[in-house]
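The values are calculated or read from the model by the stated rules, or taken from the named source; none is laboratory data. Just so it is clear, the structure is predicted and the values come from calculations on it, not from any experiment. In this analysis, Cβ positions are derived from the backbone assuming ideal geometry, glycine residues included, and neighbour counts consider all displayed protein chains.
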């Protein structure tokens, strides 16, 4: 109990902003947070940004949007995928999917753009990681808890 006789309660509430995006005149609303029980589903769908063609990934894209969009938004989104007068095309789709995955994974799905700071010469190395080879990421790496593919390995020969 505190000084006022009130029972103290540890508050683990996390304030998460709504995730909304616009395509033309429609504003779509996604869930604020992926429920932990559905995180494995997101992990299974996150490779959609690596699929070479949208046609090949439409089933995964639709499943991903069904997972993250609130029901009314998903209904409009799904309808617009085949709407000839007000379509959602590939110009919209991949940027939206990448943005949503970044929102839920807190990791960019594309490498950062080079700095536009003209005060630093292009060949100047100010980073403590200068000379370190960085592998380019093509998408988020999400693995279900308990995945047998997750392991930590050292450099070759260790």
Any pair with Cβ under 6 angstrom, 6 or more apart, that starts in segment 1-21 at a residue that is closer than 27 Å to residue 71 by Cβ and ends at one that is in a loop (DSSP other than H, G, I, E, B) and at pLDDT 90 or above: 16/32; 16/33; 18/32
Looking only at helices (runs of 4 or more DSSP H) that fall completely inside segment 1-87, which ones have 3 or more residues that are at pLDDT 80 or above, within 19 Å of residue 105 (Cβ to Cβ) and touching a helix residue (DSSP H, G or I) at 6+ places or on another chain (Cβ under 9 Å)? 54-68
For segment 82-106, pairs from a residue that is within 19 Å of residue 46 (Cβ to Cβ) to a residue that is at pLDDT 90 or above and in a helix (DSSP H, G or I), with Cβ under 7 Å and 6 or more apart or across chains, are 100/68
